[in-house]
Amino acid sequence: MANATHDMMSPLVQGGGKVTVLKVGPAAHVYERTMVAQMDASPRDLVAGTTPGSGNCIGVAMTHGKPGGDCEVWTDAQYLFESVIGPGAVSVDTVDIGGLLYMDDDHTVTSEADDGVDPLPIAGLFMGIESDGLIRVWVKPNLRKPPEVTVTIPPIGP
């Protein structure tokens, strides 16, 4: 899928959270109620989620962010997003509550950790599915995929 080209209406479903204002990248455009990330390299400007060279989702844009302008970002809260359709569709059969979800684009989530070629950035934690099929996602910064661990068990006996 592609990043948004207009403001979205992903509703906040469980508040609390934290609000901060971040500078939007000089070539970026951030739409209201979409997932946002920071560039991995300096300067760590705010960009739309899944922008090449950006990191995991750090929050949801609460205002429309124009290139070089400021954008209000809300984090540590739960939002509703659409799921991809087909492979990677999010369901209680594919993801445990509290399991990682990934950004397919800045307003859609998937249960797949990669798109078949590249790893996808983390969107947040799966917190359930609403009756209308929207996915409840707890968006918070600094989520990381746990490292893969290989354990070798030595044989028992002589």
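The values are calculated or read from the model by the stated rules, or taken from the named source; none is laboratory data. Note that the structure is a prediction, hence the values are computed from the model and not measured. Don't worry about glycine lacking a Cβ; one is built from the backbone with ideal geometry, like all the others, and counts go over all protein chains shown.
Mind checking which residues of the stretch 39-54 are assigned to a loop (DSSP other than H, G, I, E, B), farther than 9 Å from residue 25 by Cβ and either touching a Phe, Trp or Tyr at 6+ places or on another chain (Cβ under 9 Å) or not β-branched (Val, Ile, Thr) (or both)?
Selection gives 40, 41, 42, 44, 49, 52, 53.
Scan the stretch 55-100 for residues that are closer than 15 Å to residue 30 by Cα and hydrophobic (A, V, I, L, M, F, W, C) and jot them down.
57, 58, 60, 61, 62, 71, 73, 74
Looking at (1) under 17 Å from residue 144 (Cα atoms); (2) in contact (Cβ under 8 Å) with a residue 12 or more places away in the chain, which one does residue 87 not meet, given that it meets all the others?
Result: residue 87 fails condition (1) only.
Looking only at residues in the stretch 94-151 that are assigned to a strand (DSSP E or B) and among the small types (Gly, Ala, Ser), which one is surrounded by the fewest Cβ atoms within 10 Å (Cβ to Cβ)?
128
Table: residues versus (1) at pLDDT below 90; (2) hydrophobic (A, V, I, L, M, F, W, C).
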{"position": "14", "(1), (2)": "yes, no"}
{"position": "64", "(1), (2)": "no, no"}
{"position": "97", "(1), (2)": "no, yes"}
{"position": "110", "(1), (2)": "no, no"}
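Residue by residue through the stretch 66-93, note down the ones that are under 15 Å from residue 105 (Cβ atoms) and surrounded by 14 or more Cβ atoms within 10 Å (Cβ to Cβ).
Listed by number, the residues that qualify are 79, 81, 82, 83, 84, 88, 89, 90.
In the stretch 29-57, which residues are crowded, with 22+ Cβ neighbours inside 10 Å and either among the aliphatic types (A, V, I, L, M) or over 25 Å from residue 118 (Cβ atoms) (or both)?
Result: 30, 33, 35, 36, 37, 46, 47, 48.
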